[in-house]
1. List the pairs whose first member sits in region 48-65 and is among the hydroxyl-bearing types (Ser, Thr, Tyr), whose second member is not in a strand (DSSP E or B), and whose Cβ atoms are under 8 Å apart, counting only residues at least 6 apart or on separate chains?
2. Residue check: is Arg83 basic (Lys, Arg) and under 18 Å from Ser5 (Cβ atoms)?
3. Sort out which residues of region 80-101 are open to solvent by less than 40 Å² (accessible area, probe 1.4 Å), outside any loop (DSSP other than H, G, I, E, B) and closer than 18 Å to Asn37 by Cβ, and write them in order of number.
4. Could you list, in sequence order, all residues of region 25-49 that are more than 17 Å from Val100 (Cα to Cα), among the polar types (S, T, N, Q) and modelled with pLDDT of 95 or more?
5. Out of (1) buried (at least 19 other Cβ atoms within 10 Å of the Cβ); (2) assigned to a loop (DSSP other than H, G, I, E, B), the odd one out for Gln32 is which?
6. Identify, please: which residue in region 38-79 is of a type in the set (S, T, N, Q) and open to solvent by less than 50 Å² (accessible area, probe 1.4 Å) and is, among those, nearest to Pro109 (Cα to Cα)?
7. Before we move on, is Gly104 without any contact (Cβ under 8 Å) to a residue 60 or more places away in the chain, among the small types (Gly, Ala, Ser) and buried (at least 16 other Cβ atoms within 10 Å of the Cβ)?
8. With the condition kept exactly as written, say whether any residue in region 23-34 is of a type in the set (A, V, I, L, M) and in contact with a helix residue (DSSP H, G or I) (Cβ under 8 Å, 6 or more places away or on another chain).
Amino acid sequence: MLGDSLSAAYGMNMEQGWVHLLAQKLKARASQSTVVNASISGETTLGGRTRLDAALLKHSPSIVIIALGSNDGLRGLPVATMRDNLLAMIDSAQSRKAKVLVVGQRLPPNF
């Protein structure tokens, strides 16, 4: 899991965050999956892109969930740059045979 404060459970107990709840749900289904939460509060797509290769090497995931872009939008960063960063992360994960799930978020229309 590569995300921002929404995935890092910023301001709440980790046990209340959605990534932890996902891990618990997988365990309840007798899944042998391990969920690694590599999310950082305030992270942008550029930060995720910079950190992803090291995380892929360290954990060798079969699935990568990318939930980034909210902070890019809140900072008014160019959509084209965000798209390029997301595509680079997808390519990097897929080149290591990981399946990729990109989780979107909607910004308010005034952004």
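The values are calculated or read from the model by the stated rules, or taken from the named source; none is laboratory data. This structure is a prediction, so every number in the text was calculated from the model and none was measured. Ideal geometry is used to build each Cβ from the backbone, glycine not excepted, and the neighbour counts take in all protein chains shown. Side chains included, ligands, DNA and RNA excluded: accessible areas come from the protein's heavy atoms. Shrake-Rupley method; radii C 1.70, N 1.55, O 1.52, S 1.80 Å.
1. Pairs that qualify, where the first residue is among the hydroxyl-bearing types (Ser, Thr, Tyr) and the partner is not in a strand (DSSP E or B), are Ser60/Arg96; Ser62/Lys97; Ser62/Ala98.
2. Details: basic (Lys, Arg): yes; under 18 Å from Ser5 (Cβ atoms): no.
So Arg83 does not fit the description; no.
3. Met89, Ala93
4. Of the residues in region 25-49, the ones more than 17 Å from Val100 (Cα to Cα) are 25-32, 40-44, 46-47.
Now restrict to residues that are among the polar types (S, T, N, Q): 31-32, 41, 44.
Ser41, Thr44 - these are the residues of region 25-49 that are more than 17 Å from Val100 (Cα to Cα), among the polar types (S, T, N, Q) and modelled with pLDDT of 95 or more.
5. Condition not satisfied by Gln32: (1).
6. Among residues in region 38-79 that are of a type in the set (S, T, N, Q) and open to solvent by less than 50 Å² (accessible area, probe 1.4 Å), the one nearest to Pro109 (Cα to Cα) is Ser70.
7. Details: without any contact (Cβ under 8 Å) to a residue 60 or more places away in the chain: yes; among the small types (Gly, Ala, Ser): yes; buried (at least 16 other Cβ atoms within 10 Å of the Cβ): no.
Criteria not met by Gly104.
8. Keep residues of region 23-34 that are of a type in the set (A, V, I, L, M), which gives 23, 26, 28, 30.
If we keep only those that are in contact with a helix residue (DSSP H, G or I) (Cβ under 8 Å, 6 or more places away or on another chain) too, we end up with none.
No; the residues of region 23-34 include none that is of a type in the set (A, V, I, L, M) and in contact with a helix residue (DSSP H, G or I) (Cβ under 8 Å, 6 or more places away or on another chain).
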